[in-house]
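First the structure, in the form of structure tokens, and then the observations on it.
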2 protein chains.
Amino acid sequence: MAPSTALFTDHYELTMLQAALRSGAAHRRSVFELFPRRLPEGRRYGVVAGVGRALDAMEAFRFDDETLAALGGVVDGPTLDWLASYRFSGDVWGYAEGEAYFPYSPLMIVESSFAEAVLLETLLLSIYNHDSAVASAASRMTLAAGDRPCIEMGSRRTHEDAAVAAARAAYVAGFTASSNLAARQRYGVPTTGTSAHSFTLLHDTEADAFRAQVASLGTGTTLLVDTYDVAEAVRQAVEVAGPGLGAVRLDSGDLAVLATEVRAQLDALGATSTRIIVTSDLDEYAIAALAAAPVDGYGVGTELVTGSGHPTCGFVYKLVARASDAGEMVSVAKRSVDKASIGGRKYALRRLTSNGVAEAEVIGIGQRPDDDGDDRELLVPLVRDGEVVGRESLEAARARHLASRAELPVAVQQMSRGEPAIPTVHE
Amino acid sequence: MAPSTALFTDHYELTMLQAALRSGAAHRRSVFELFPRRLPEGRRYGVVAGVGRALDAMEAFRFDDETLAALGGVVDGPTLDWLASYRFSGDVWGYAEGEAYFPYSPLMIVESSFAEAVLLETLLLSIYNHDSAVASAASRMTLAAGDRPCIEMGSRRTHEDAAVAAARAAYVAGFTASSNLAARQRYGVPTTGTSAHSFTLLHDTEADAFRAQVASLGTGTTLLVDTYDVAEAVRQAVEVAGPGLGAVRLDSGDLAVLATEVRAQLDALGATSTRIIVTSDLDEYAIAALAAAPVDGYGVGTELVTGSGHPTCGFVYKLVARASDAGEMVSVAKRSVDKASIGGRKYALRRLTSNGVAEAEVIGIGQRPDDDGDDRELLVPLVRDGEVVGRESLEAARARHLASRAELPVAVQQMSRGEPAIPTVHE
């Protein structure tokens, strides 16, 4: 059984539970929504990721003996007793993984008792805020890269577990592979990798290092050619591996200039199919700037795992409706000055032109109207009566992302800052 | 036994191992150093965190059957055989947890065979890059807050496991508590928390919610007073809890103005010892700006867990020396254009004035000279012959941070961008 996820939770979720159990309000039927108030400044769309991880984490959200023992001093005995039999028994709907999102898109709707639903707040937000931040950055990078592959290699620049989730999110958003071996094990993300400068420095000469690598990994390998002098390294690389050398990697300097020089040198040496992979603090802007350079693939690290300037999405999880004593559902919303939210349970549609191009994110309260033939329904069932029903393969999420992005107006292809690609329309 | 950490590793560490095992170079004695090339732009110092987590992770770095099974297709049979008996047997020295650092500070020095040491690269960097980024931001926040407590509450804005490490790192850097229950369980970080807007909205009236909270959590609790109208909420809060109410929380609006109004109202109601806690996208600048406002504590979320604009430290892990065939240690360094490093194993000292104020980070190659009486040694033994010797309590790291920060020039108290507080001197 997976380890319990129940302590990935803020203290106050538990004290609220205690107080609400005592007042009796804990059992009121409640609807929470997880949504963004805005996109990161200048971004034209966001990408939902983490849905599959959230479903796994909800299934593992239970208060076993070890977990309960850790809550001594946090809540009282009656609350611990209630937690011991906790099991989410409600319903969840949400945007499917890989879908584009816009301001106020109701990415997840959780309906259950207040007690059951409030406890999930911190964990669901952690997963969605992190994974969607990475996927949103990744999608812009794969868009800028066009047909050239992007490889995720940022594990070392983020928390070791976050790195695994980042590799997964990047894959959803079109990256072709990752360096992260735990992502391969947990999620089947393809991994790839060759060598670092330390491998060259370990050997007495660069040629020794190349020979060692080719002897073990074959001529299809990628040789790192910028430890000392690039032109000399490229010459030796082809001498050692022959013109069938798989690829060379450049990790420093002016990549556009170097790639052009290296391409010419490789071609002159007959290594016309040897690919050039570039790495070194790439982001979507650097990738776009290299579009005209003879580059065959991008390795992206830091900027991917840190969301390219936006390491979190700022999603919130708000109570939008709850039952009254009479059992009727009542819309609720706070009126805080700069953080108002909209009460009532939402539906969400992507309005499309007759050519299938997205033109609005339509969000309304209550039931979806009947007369909206071309609008695409965005909410799918994820959990029904406590059972996960929305699990799908990572490949399905990956395919959905490509389709969802392709549906957006061409403006999304601009890397420059701007308004959301489509307006959010509250019906 | 803790789960294996061996797959929190880049694919290329394993393929380099394979190639080096075949060439024989894998067994060369090697020295790797983990260090920053620079501080984040404008920062005056950094804070080392994650040391204790790194030691735990190294102990759990092993290739059990499940881990080896996951490496099928990554490396060949002889490499898997070698990995099966992997155990780090070398020595590690490093800056102790909580210590301040500067450009090129050798935060960790790993000496072992190339094979043993190279495999640790990704995991050590993940932990140090993440935890130190959070601690470095946290330290500026606690500095800006002065005697007022800072509470970490950013779990929901970062990956669920990163959140636990962030709570730990913030505690090292002077935060007094966290919202994160897993950090309480794993590391003994004190936790605290009261209620969210959803708790108020769940009840029929704000007064009902206050009554429910006070009935369950006592008058010492913190009531959230900005769901509807602040002045009305404060009036009701004191009416419900009495003038002994522990605290009120403000989570929106102009906090300086509101805090002043609320303080006056509380005092007029006789609640002169009721504290005012503020939250809402605080960072070190916002905390500094509230210094003159009647605020009693800061809850910090997003900007803490995302490193306040610098979510990663950019530490690198470089081979600086390795044995030749003759067994002599040779200094090595790459010459890449913009990423040069300095070969040879380092010592590191903090040079102090006769008044005990730091004036330079002194980094040299080889043995520390004898004649430097007032310089403080920065490297402590962490692992000896594969056994962890540098484990210490979180309280010790917390105390060290306070002492280390107090030793820095007063310039660090400026929140504005600037140069590192002390220069790095290469001897």
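The values are calculated or read from the model by the stated rules, or taken from the named source; none is laboratory data. Remember, it's a predicted structure, so these values are computed and weren't measured experimentally. Cβ: placed from backbone, ideal geometry, glycine included. Neighbour counts: every protein chain shown. The protein model used for the area step is the full one, side chains on, heavy atoms only, and it has no ligands, DNA or RNA in it. Shrake-Rupley method; radii C 1.70, N 1.55, O 1.52, S 1.80 Å.
The table below lists the values:
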| quantity | calculated |
| --- | --- |
| Relative frequency of Cα-Cα separations exceeding 28 Å in segment B:1-140, percent | 23 percent |
| All lysines inside 19 Å of A:K334 as judged from Cα atoms, apart from same-chain residues fewer than 8 positions distant | A:K318, A:K346 |
| 222 nm mean residue ellipticity, helices alone, for the protein assembly as shown (DSSP H n ≥ 4; -39,500 (n - 2.57); rounded to 500) | -10500 deg cm²/dmol |
| Residues with amide H under 5 Å from that of A:R43, placed H, sequence gap 5 or more | A:G418 |
| Cα-only radius of gyration and Dmax that characterise segment A:87-232, units Å | 20.8, 68 |
| Shortest-first distances to equivalent copies, position A:M1, nm, label 7 Å out along Cβ | 2.3 |
| Cβ-vector label at 7 Å, B:Y228, separations to other copies in nm | 7.7 |
| Chain A, relative contact order [Cα under 8 Å, separation at least 6], % | 23 percent |
| Environment charge of A:L269, counting only residues whose C-beta is closer than 15 Å and scoring Lys/Arg +1, Asp/Glu -1 | -1 |
| Fraction of accessible area attributable to carbon and sulfur, segment A:81-236 (%, probe 1.4 Å) | 47 percent |
| Highest to lowest packing among B:212-219, A:47-54, A:245-252, scored as the average C-beta count within 10 Å | A:47-54, A:245-252, B:212-219 |
| Per-residue mean of C-beta atoms belonging to partner chains within 10 Å, peptide B:205-215 | 3 |
| Convex hull of Cα atoms in the protein assembly as shown, direction-averaged projection (nm²) | 35.4 nm² |
| Share, in percent, of DSSP beta bridges within the protein assembly as shown that are antiparallel, nearest 5 | 65 percent |
| With eigenvalues of the C-alpha gyration tensor scaled by 5 and rooted, chain A, Å | 47, 26, 16 |
| Most to least packed among B:315-327, B:385-397 [average Cβ atoms within 10 Å] | B:315-327, B:385-397 |
| Length released on extending from B:T260 to B:D296, taking residue separation times 0.36 nm less the Cα-Cα span | 11.8 nm |
| Isotropically averaged projected area of segment A:143-305, using the convex hull of Cα atoms (one quarter of hull area), nm² | 9.0 nm² |
| Sequence-separation-based contact order of segment A:1-73, relative, with Cα cut under 8 Å and 6+ spacing, percent | 64 percent |
| Distant-in-sequence amide H partners of B:V316 (H built 1.01 Å from N, under 5 Å) | B:F35, B:R37 |
| Segment B:146-305 - percent relative contact order, Cα under 8 Å, separation 6 or more | 25 percent |
| Largest-first principal axis extents, alpha carbons of segment B:1-45, Å | 46, 31, 18 |
| For segment A:263-277, 3J(HN,Hα) per residue [Karplus equation, 6.51 cos²θ - 1.76 cosθ + 1.60, θ = phi - 60°, Hz, x = Gly/Pro] | 4, 4, 5, 4, 4, 5, 8, x, 8, 6, 9, 5, 8, 10, 9 |
| For A:R345, residues with placed amide H under 5 Å, excluding near neighbours | A:G366 |
| Cβ-vector label at 7 Å, B:R87, separations to other copies in nm | 4.3 |
| Whole-Hz couplings from phi, Karplus 6.51/-1.76/1.60, listed for segment A:411-427; x for Gly and Pro | 3, 5, 6, 6, 7, 5, 5, x, 7, x, 4, 9, x, 8, 10, 8, 8 |
| Within 10 Å of each Cβ in A:20-33, the average number of Cβ atoms from other chains | 3 |
| Inter-chain Cβ neighbour average for residues B:187-198, partner chain, 10 Å | 6 |
| Label-point separation, A:D65 to B:A289 (7 Å along Cα→Cβ), nm | 5.2 nm |
| Net charge contributed by nearby residues that have their C-beta within less than 15 Å of A:E66 (K/R +1, D/E -1) | +1 |
